Amino acid sequence: MPNFIKDMLNLTKDLQLDFSNTEIAFADRTDKELNKTAWLFGMMNKQWLVGIGSKIGLAAIKLHLPFVTGAIKNTIFEQFCGGTTLLEVQKTIDRLKRSNIKSILDYGAEAKEEEAELNHSMNENLRSIEFSATQDAVPIISVKVSGLGRFELLESIQAGVAFTDETKAEYKSILRRLDAICHAASSKGMAVFVDAEESWIQETIDHLAEMMMKRYNSERVVVYTTCQMYRHDRLQYLYDLAERALNEGYLLGVKLVRGAYMEKERERAEEMGYASPIHPTKEASDDAYNTALRFCIEHYDRIASCNASHNAESAYLQAQLIVERGIPRNHPNLYFCQLYGMSDNLTFNLAAAGFNAAKYVVYGSVREVVPYLIRRAQENSSVTGDMSREYRLVADEIKRRGLKM
């Protein structure tokens with residue numbers, strides 16, 4: 001038996017934490033909702049269907065076909081998004097709150113180009129902060145820099161392309177938008193996650209996030225940067241960043257994720273002839289992730305961290321370290337977070353055990369969030385045709401309830 005499984009069994013006694021407990025994981029789901037979820041994950045298990053559906057869905061949205069929007073909204077959107085507007089999201093927040101789960105709101109806009117779109121994205125994030133400040137169950141919002149500035153500009157900055165008068169003005173606009181969001185969060189007692197994106201714009205994002213942390217994290221953590229730990233350089237970056245924060249007198253906020261762009265990263269590296277930034281094996285990524293987790297918890301007095309992983313071993317590790325060190329389970333510097341619609345066995349059981357558990361709740365119009373939904377569908381498809389983890393958990397709960405699939 002692997003050591004981490006033995007640890008899990010031992011922890012269950014002390015923590016009353018069992019990630020296989022589907023009764024807690026799906027307590028908020030009616031029988032009808034559970035069967036609909038099973039059907040949806042069953043469809044996503046068909047990799048060929050996900051591949052075809054992704055292409056057709058993107059094309060149909062671009063063509064503004066109304067029936068497609070409705071079909072997406074009533075199926076995959078309903079599973080993975082909190083709503084199209086903040087008014088709709090309120091129902092999701094309230095539902096999660098009943099299970100002691102917090103919500104981290106994420107306006108689903110990304111890769112915007114026009115100034116009007118970029119300003120709209122900023123204003124939507126500002127509205128999200130205003131709204132969230134009235135909700136005790138929404139402590140943080142998340143923002144993508146590619147929703148506040150042109151992707152090509154972010155890429156050219158990282159590549160060292162000299163500014164023109166026009167691009168310099170654009171860059172100042174990105175700074176203005178991001179600063180407006182962070183300032184609003186600071187004044188309203190909120191916090192902001194700055195999401196990680198593709199490696200060829202990430203250095204630009206890192207610089208912007210560090211700038212905001214220096215500006216706003218002097219007394220409490222307002223701004224969090226994000227480290228994608230499937231990159232082989234991120235562990236050292238985290239160490240260096242923590243040292244800079246200590247030397248320069250500000251608190252560090254960091255969200256740890258494994259990463260979301262692996263295939264794209266490897267394909268681009270191969271096409272352009274440079275070494276892939278991704279760890280060569282899953283084991284290496286897992287080791288880097290868990291090492292980063294230990295480091296953040298060891299320094300929780302000056303590093304606020306979010307374990308944003310769907311990996312049960314990493315969730316157990318953080319729970320174990322918190323209990324072993326005698327840290328309050330609900331300490332504000334230590335969060336767990338999973339995507340809305342996925343890994344309910346982790347989020348709901350962690351919340352039931354008294355830990356700070358949250359769901360990453362994406363919202364926005366169907367058209368805006370289609371790229372996000374396609375990534376979720378692809379994650380839940382299976383190369384071998386075997387049942388996905390999510391499907392298997394839902395199937396277990398249906399069986400436990402004595403229902404028919």
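When you go through (1) crowded, with 20+ Cβ neighbours inside 10 Å; (2) free of Cβ contacts under 8 Å to residues at least 60 places away in the same chain; (3) of a type in the set (A, V, I, L, M, F, W, C) one by one for Val161, which number turns out not to apply?
Of the numbered conditions (1) crowded, with 20+ Cβ neighbours inside 10 Å; (2) free of Cβ contacts under 8 Å to residues at least 60 places away in the same chain; (3) of a type in the set (A, V, I, L, M, F, W, C), the odd one out for Val161 is (1).
In the set Ile141, Ile174, Ile157, which member is closer than 13 Å to Thr204 by Cβ and either of a type in the set (Lys, Arg) or under 23 Å from the mean Cα position of the chain (by Cα) (or both)?
After ruling out the rest, the residue left standing is Ile174.
Would you please name the residue that is modelled with the lowest pLDDT, looking only at residues in segment 369-381 that are more than 12 Å from Gln79 (Cβ to Cβ) and out of contact with any strand residue (DSSP E or B) (no Cβ under 8 Å at 6 or more places or on another chain)?
Within segment 369-381, the match that is modelled with the lowest pLDDT is Glu379.
Are any residues in segment 255-279 part of a loop (DSSP other than H, G, I, E, B) and surrounded by 14 or more Cβ atoms within 10 Å (Cβ to Cβ), and if so, which ones?
Arg258, Gly259, Ala260, Tyr261, Ser276, Pro277, His279
Among the residues of segment 85-122, write down those that are closer than 24 Å to Ala308 by Cβ, open to solvent by 30 Å² or more (accessible area, probe 1.4 Å) and part of a loop (DSSP other than H, G, I, E, B).
Scanning segment 85-122 gives Arg98, Ser99, Asn100, Glu110, Ala111, Lys112.
Say whether the condition of being of a type in the set (Lys, Arg) and over 16 Å from the mean Cα position of the chain (by Cα) is met by at least one residue in segment 358-375.
Yes.
So in segment 34-91, with the set limited to residues that are in contact with a strand residue (DSSP E or B) (Cβ under 7 Å, 6 or more places away or on another chain) and at pLDDT below 85, which one is nearest to Gln135 (Cα to Cα)?
Asn45
Cβ contacts < 7 Å: first residue buried (at least 20 other Cβ atoms within 10 Å of the Cβ), restricted to segment 228-254; second residue among the polar types (S, T, N, Q) and not in a helix (DSSP H, G or I), any location; separation 6+ or different chain. Result?
Close Cβ pairs satisfying both conditions: Arg234/Gln228; Tyr250/Asn217; Tyr250/Ser218; Leu251/Asn217; Gly253/Asn217; Gly253/Thr225; Val254/Thr225; Val254/Ser305.
What's the number of the only condition in (1) in contact with a Lys or Arg (Cβ under 8 Å, 6 or more places away or on another chain); (2) touching a residue at least 40 places away in the same chain (Cβ under 8 Å); (3) open to solvent by 10 Å² or more (accessible area, probe 1.4 Å); (4) under 19 Å from Gly253 (Cβ atoms) that Val323 fails to meet?
(4)
Are any of the residues in segment 283-302 in contact with a helix residue (DSSP H, G or I) (Cβ under 6 Å, 6 or more places away or on another chain), open to solvent by less than 70 Å² (accessible area, probe 1.4 Å) and outside any helix (DSSP H, G or I)?
No.
Within segment 326-347, take every residue that is open to solvent by 10 Å² or more (accessible area, probe 1.4 Å) and of a type in the set (Phe, Trp, Tyr) and give me the one that is farthest from Thr226 (Cα to Cα).
So the residue we want is Tyr340.
The values are calculated or read from the model by the stated rules, or taken from the named source; none is laboratory data. Fair warning: this is a prediction, and the values are worked out from it, not measured in the lab. Don't worry about glycine lacking a Cβ; one is built from the backbone with ideal geometry, like all the others, and counts go over all protein chains shown. All accessible areas refer to the heavy atoms of the entire protein, side chains included, with ligands and DNA or RNA removed. Shrake-Rupley method; radii C 1.70, N 1.55, O 1.52, S 1.80 Å.
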